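This report concerns only the one structure given below.
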């Protein structure tokens, strides 16, 4: 593979394409005009060129128009990843409507809340969930029509067959829907995981989507021949904004699959020729702990983006999986790609990096500060709340002006995350403000304990929470999912913690579990752990263990 010095710079990559109008449809059109036959999307056995993707989105926009969808309307999608999910996103954007992807694994109660809150004008659902979603939708007011993806050729064996089906749906002589919408119009709503309450709908515009996509070219030094693999769902900002948006921006190819299979991951990577992959900690930990017999050395992945990157993950992916470039960064649904370690370096282990840059943005692109409770900057090395200001910032929380207002102070977005900055300007994530354990007058970051304990070679995943102490404040309980086939004991965990952590941070209680609850975005659902009273009942009290 070429060295970065032999590749196009991010600015040169974006300069390959004509200027767009700041809308998603014009963004795609510039790539289709330049590289019509270049592969843009691959899902299982179907491959789509940029020209086919644009044509299909135009035809599907006409179909949606016949169902009454107009600019400003909201369309909800309940589906696993598919090529038609991508085309639907592009078609909705072309109309100037708003795309709202939802988790098909959501419970009936969750779907009732999400569909009710979104006030979708139209609901599109994968065939397997059609009846369930229709039942939920019929109880909502106003009632939204529910359509199945099967009506648009989901079962077709080729992209050509899908285009033919869409053409019949649109009408053979129907004029395609002209692109509508403006750069500042709402384009997509991604719901947060709802770890502290009801999920919030995060509204992004055409402009913020494109800026995040183009920014990803700089973040990962993407090239036009890049093949970006995502196993994350499109209701997650990582897949929709970074992987798909980045693929469009670079003129590369998005490769995706309906579901993540850990046992087949390296085979998928090798078969598809993927060169770049985005991950979350849960995914990387699963791959690290899978049997090495599943690894396929013929894969071509050379770039990974995500976080946090533990020492063990860095070592395994570099030395065993032969992936040279691991880039750790930081972002939220509200602020996609706020900062990252620079691809060309220097990179600092454990850091979320420097403020994000954009190849063509005039002036400072992302600004980050660490502030105290009054909003005053703290000194380098001190911990405070991370606040952000960036052009990629979300527009608002859907139909929630009070929450939108509360999320800002003096024009800066309040992340709710604690961080510190070193003298070189690199930022370090410490913990969620609500993931702080108060023990004997000290603030202890649960995220630090999670990271340290998860680095144990026999631990698959770990999560620390605070539980009531008989002395007041809290004690530390850590939930541990041991690696299958190992002989891990609570004493092993305690000894590891004593070697790695200050005495104040060593957990009092240790509970082994077969699995951890996760949010739809694959983060540990600590709010569920805290509500599970059985964890303390089943815990080993390390204070009662004999000294060894």
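The values are calculated or read from the model by the stated rules, or taken from the named source; none is laboratory data. Bear in mind that the values here come from a model prediction, so they are computed numbers and not experimental data. A quick note on method: Cβ atoms are made from the backbone with ideal geometry, for glycine too, and the neighbour counts reach across all protein chains shown.
Residues that are modelled with pLDDT of 90 or more, over 32 Å from the mean Cα position of the chain (by Cα) and surrounded by fewer than 18 Cβ atoms within 10 Å (Cβ to Cβ) were ranked within the stretch 495-528; the one that is farthest from residue 448 (Cα to Cα) is 495. Within the stretch 362-371, being part of a loop (DSSP other than H, G, I, E, B) and either within 21 Å of residue 385 (Cβ to Cβ) or modelled with pLDDT of 90 or more (or both) holds for 364, 365, 366.
Pairs linking a residue in the stretch 211-225 that is at positive phi to a residue that is surrounded by fewer than 24 Cβ atoms within 10 Å (Cβ to Cβ) and modelled with pLDDT of 95 or more, with Cβ atoms under 6 Å and 6 or more positions apart or on different chains, are 221/343. Output the qualifying pairs, or none if there are none: Cβ atoms under 8 angstrom, residues six or more apart or on different chains, first residue in the stretch 97-124 and at positive phi, second residue modelled with pLDDT of 95 or more. Correct list of pairs: 119/74; 119/399.
A quick yes/no check of all residues on (1) under 30 Å from residue 379 (Cα atoms); (2) touching a residue at least 40 places away in the same chain (Cβ under 8 Å); (3) surrounded by 19 or more Cβ atoms within 10 Å (Cβ to Cβ); (4) out of contact with any helix residue (DSSP H, G or I) (no Cβ under 7 Å at 6 or more places or on another chain):
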| position | (1), (2), (3), (4) |
| --- | --- |
| 437 | yes, no, yes, no |
| 441 | yes, no, no, yes |
| 456 | no, yes, yes, no |
| 464 | yes, yes, yes, no |
| 469 | no, no, no, yes |
| 487 | no, no, no, yes |
| 493 | no, yes, yes, no |
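Of the residues making up the stretch 529-540, those that are outside any helix (DSSP H, G or I) and either buried (at least 18 other Cβ atoms within 10 Å of the Cβ) or touching a strand residue (DSSP E or B) at 6+ places or on another chain (Cβ under 6 Å) (or both) are 539, 540. With a requirement of 1 or more residues that are crowded, with 24+ Cβ neighbours inside 10 Å and in contact with a strand residue (DSSP E or B) (Cβ under 7 Å, 6 or more places away or on another chain), the strands (runs of 3 or more DSSP E) lying completely within the stretch 76-167 that satisfy it span 98-102, 122-125.
Restricting 9, 26, 57 to those that are in contact (Cβ under 8 Å) with a residue 24 or more places away in the chain and touching a helix residue (DSSP H, G or I) at 6+ places or on another chain (Cβ under 6 Å) reduces the list to 57.
With respect to residue 478, determine if the residue is closer than 30 Å to residue 106 by Cα, in contact (Cβ under 8 Å) with a residue 60 or more places away in the chain, assigned to a strand (DSSP E or B) and more than 24 Å from the chain's Cα centre (by Cα). So residue 478 fails the test. The listed residues are 383, 387, 371, 378, and the only one of them that is buried (at least 19 other Cβ atoms within 10 Å of the Cβ) and either touching a strand residue (DSSP E or B) at 6+ places or on another chain (Cβ under 7 Å) or without any contact (Cβ under 8 Å) to a residue 60 or more places away in the chain (or both) turns out to be 387. When residue 358 is tested against (1) under 30 Å from residue 456 (Cβ atoms); (2) in contact with a helix residue (DSSP H, G or I) (Cβ under 7 Å, 6 or more places away or on another chain); (3) assigned to a loop (DSSP other than H, G, I, E, B), exactly one condition is not met: (1).
Sub-6 Å Cβ pairs linking a first residue in the stretch 524-548 that is closer than 14 Å to residue 480 by Cβ to a second residue that is in a helix (DSSP H, G or I), at least 6 apart or interchain, are 540/490; 542/494, ordered by first then second residue.
How about the stretch 321-353: which of its residues are out of contact with any strand residue (DSSP E or B) (no Cβ under 6 Å at 6 or more places or on another chain) and in a strand (DSSP E or B)? Answer for the stretch 321-353, where residues must be out of contact with any strand residue (DSSP E or B) (no Cβ under 6 Å at 6 or more places or on another chain) and in a strand (DSSP E or B): there is none. Residue check: residue 179 meets all listed conditions (1) modelled with pLDDT of 90 or more; (2) surrounded by fewer than 24 Cβ atoms within 10 Å (Cβ to Cβ); (3) on the phi < 0 side of the Ramachandran plot but one, namely (1). Number of residues in the stretch 248-277 that are part of a helix (DSSP H, G or I), over 22 Å from residue 28 (Cβ atoms) and in contact with a helix residue (DSSP H, G or I) (Cβ under 9 Å, 6 or more places away or on another chain): the value is 3. Looking only at the stretch 278-292, residues that are within 21 Å of residue 218 (Cα to Cα) and either part of a helix (DSSP H, G or I) or out of contact with any helix residue (DSSP H, G or I) (no Cβ under 6 Å at 6 or more places or on another chain) (or both) come to 2 in all. Among the residues of the stretch 426-435, those that are touching a residue at least 40 places away in the same chain (Cβ under 8 Å), in a strand (DSSP E or B) and in contact with a helix residue (DSSP H, G or I) (Cβ under 8 Å, 6 or more places away or on another chain) comprise 429, 430.
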